[in-house]
């Protein structure tokens, strides 16, 4: 069995490559080439913390496994990431445990890569001003991923912690050559933006519909359970809504469930899954004034596909640590 650390996954899973892996994976889902139960989540009593298990099967190439992860929002601003855990890959022929990978790195990279796939499909081709609300780990990696798919020149950031926003702005200037500024509030960050990303741990909306200008593409990334949302109802109502998977979107995120329960939208408000656009089964942006919205939840097949790519690269390069865990029968001595 192969073990890959956080730093090894980061090296073996470059963003450009992961974007293409995620596009292929979402297309496979749309074709029906995956088995994907809803994630099992345990809300830890007397806290906002979550323990989640996400199993899946992907048909091409055959991939079996699960991500087991904790989400501890209290870790924001500390030395610990909010998402921690492991991705487990099993041998599709023998059933043995083949690899264990750090889930923090897999989750971070594939989340931003999926956003990039959606943005490549839905944002205006000339989109050059990016607004980021939330300047944590996902804020940083989303700058990288979106610069890979659109000609981003200007970055406008708002964070509840200004020091985090200043740090992201400095990184964006140095690493990506962007004109990066820190906004006084969310409305200011969205002014003139062609793409808006919410990458927070917020439980109440941090993006309001009246802030969004015609032609904007919005990526709502942070919230993944029914008691939390980053975007308000008006944002959803004003937008053409796209998701990674309908079944998950209609059962898990407060961003969509609250407008549904309030009768402001119906399930038909979801225009398409991203994978359906990739295989030509859905319609994307129709003109330059439409507001498009991608609600990202994160799917286990994305984790498995990203992990499989990293494992294959590790085996080619001789990276990682191999151990004997058991599972094979040994001859008696």
Original post:
Hey, residue 39 hits all of (1) modelled with pLDDT of 95 or more; (2) under 20 Å from residue 302 (Cβ atoms); (3) touching a strand residue (DSSP E or B) at 6+ places or on another chain (Cβ under 6 Å) but one; which does it fall short on?
Top reply: (1)
Original post:
Is region 256-273 home to any residue that is touching a residue at least 40 places away in the same chain (Cβ under 8 Å) and either under 22 Å from residue 43 (Cβ atoms) or surrounded by 24 or more Cβ atoms within 10 Å (Cβ to Cβ) (or both)?
Top reply: no
Original post:
Is region 295-307 home to any residue that is surrounded by fewer than 24 Cβ atoms within 10 Å (Cβ to Cβ) and at pLDDT 95 or above?
Top reply: no
Original post:
Taking region 15-36 only, how many residues are assigned to a loop (DSSP other than H, G, I, E, B) and either surrounded by 14 or more Cβ atoms within 10 Å (Cβ to Cβ) or touching a residue at least 40 places away in the same chain (Cβ under 8 Å) (or both)?
Top reply: 3
Subject >> Lone qualifier among 131, 34, 27 - being touching a helix residue (DSSP H, G or I) at 6+ places or on another chain (Cβ under 9 Å) and within 30 Å of residue 183 (Cα to Cα) >> reply: 131
Subject >> Failed item in (1) closer than 20 Å to residue 97 by Cα; (2) not assigned by TED's automatic domain parsing to the domain that holds residue 30, with residue 255 passing the rest >> reply: (1)
**OP:** Take region 229-247 and flag every residue that is crowded, with 21+ Cβ neighbours inside 10 Å and either touching a residue at least 40 places away in the same chain (Cβ under 8 Å) or at positive phi (or both).
**Re:** 230, 231, 235, 236, 239, 241, 242, 243, 244, 245
Subject >> Matching strands (runs of 3 or more DSSP E) fully within region 95-203 where at least 1 residues are farther than 30 Å from residue 62 by Cβ >> reply: 129-133, 154-158, 179-182, 195-198
Original post:
Looking at region 42-51, is at least one residue in a loop (DSSP other than H, G, I, E, B), closer than 26 Å to residue 140 by Cα, within 18 Å of the chain's Cα centre (by Cα) and free of Cβ contacts under 8 Å to residues at least 24 places away in the same chain?
Top reply: no
Original post:
Just checking, how many residues over region 108-128 are within 16 Å of residue 305 (Cα to Cα) and out of contact with any helix residue (DSSP H, G or I) (no Cβ under 7 Å at 6 or more places or on another chain)?
Top reply: 0
Original post:
What is the residue count in region 287-316 for residues that are assigned to a loop (DSSP other than H, G, I, E, B) and either touching a strand residue (DSSP E or B) at 6+ places or on another chain (Cβ under 6 Å) or touching a residue at least 12 places away in the same chain (Cβ under 8 Å) (or both)?
Top reply: 8
**OP:** Confirm whether residue 191 is at pLDDT 95 or above, surrounded by fewer than 21 Cβ atoms within 10 Å (Cβ to Cβ) and in contact with a strand residue (DSSP E or B) (Cβ under 7 Å, 6 or more places away or on another chain).
**Re:** no
**OP:** Output the residues belonging to region 51-89 that are within 15 Å of residue 103 (Cα to Cα), out of contact with any helix residue (DSSP H, G or I) (no Cβ under 8 Å at 6 or more places or on another chain) and surrounded by 15 or more Cβ atoms within 10 Å (Cβ to Cβ).
**Re:** 51, 52, 53, 70, 71, 72, 88
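The values are calculated or read from the model by the stated rules, or taken from the named source; none is laboratory data. Predicted, not measured: the structure shown is a model, and the values here were computed from it. Virtual Cβ from ideal backbone geometry, glycine too; neighbours counted across all protein chains shown.
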